[in-house]
1. For each of Leu62, Leu103, count neighbouring Cβ atoms within 10 Å of the residue's Cβ, then give the residues from fewest to most.
2. Which lysines have a Cα lying under 21 Å from the Cα of Lys17, excluding residues fewer than 8 positions away in the same chain?
3. Going by amide H atoms built from the backbone, whose H comes under 5 Å of the H on Lys89, apart from near neighbours?
4. Over the chain, what lengths in whole Å, largest first, do the semi-axes of the equivalent ellipsoid take, defined as the square roots of 5 times the eigenvalues of the alpha-carbon gyration tensor?
5. With charges only on Cβ, +1 for K and R and -1 for D and E, what is the dipole size of the chain about its Cα centre, in debye, rounded to 20?
6. Add -39500 (n - 2.57) for each DSSP H run of 4 or more in the chain, then divide by its residues: what number comes out at 222 nm, to the nearest 500 deg cm²/dmol?
7. Each residue of segment 39-53 in turn: what ³J(HN,Hα) in whole Hz from Karplus with 6.51, -1.76, 1.60 and θ = phi - 60°, glycine and Pro shown as x?
8. So, in nm, how far is label Gln70 from label Asp109 when the simple model puts each one 7 Å beyond its Cα toward the Cβ?
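Laboratory data are not the source of any read-out in this text; all were calculated from the coordinates shown. From a predicted model like this one, the values you see are computed outputs, not experimental measurements. So basically every Cβ, Gly included, is an ideal-geometry build from the backbone, and we count neighbours across all protein chains shown.
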Amino acid sequence: MKIDRIHHVAYRCKDAKQTVLWYQQMLKMDFMLAFSEDQVPSTKAPDPYMHVFLDAGNGNVLAFFELPTQPEMGRDPNTPAWVQHIAFKVKTREELLEFKQHLEANGVDVLGVTDHGAFHSIYFFDPNGHRLELACPDPQEEALNQRLDAVKWDMLEEWSVTKRAPKHGAFVHQREFKQ
């Protein structure tokens, strides 16, 4: 018994139509379907909602709920804004740079390109305040990931004991490995 894949991930949005249009325009996602009911199917609670689904590529589905009778959207004040985010993969650095240019030309503030070693990313926020990341592989991604795979359990064990960043993966940001 094993999970096949993620069916969809769902987040809250302020305005379902605005969200669909933004993801279509900014990230070129197709609007797949929508559900709207006055009662929550799982709990039977009376709570009208609009549930929209977007095609995030390769069978990945991003969904949003608009909940007009609930208090205004918020976020966990104890979690930094950079932690909770949705990351999407693009195939090449050129495509990443094209998205960066497209987003900025449409008034979106973009942070990066950030070099994470095995991949490179840009960051920005959607109109609901969700932080998004677009990432492309580094040319040496496979070699870096093999080395990281070899130390992942040692890193996790050291972290669980010390709560300090282990140095097992420091090679990822060392210039000599990346050249």
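1. Leu103, Leu62
2. Output for Lys17: Lys28.
3. Here the answer is Ala135, since their amide H atoms fall under 5 Å of that of Lys89.
4. Details: eigenvalues 228, 93, 52 Å².
After diagonalising the Cα gyration tensor, the semi-axes are 34, 22, 16 Å.
5. Details: 20 positive and 26 negative charges, 75 e Å.
Here the chain has a charge dipole of around 360 debye.
6. Working: 4 runs with 51 residues, N = 179.
Computed ellipticity for the chain at 222 nm equals -9000 deg cm²/dmol.
7. Per-residue couplings from phi come out as 9, 6, x, 6, 9, 6, 5, x, 7, x, 8, 10, 10, 10, 10 Hz.
8. In this crude spin-label approximation the distance works out to 2.6 nm.
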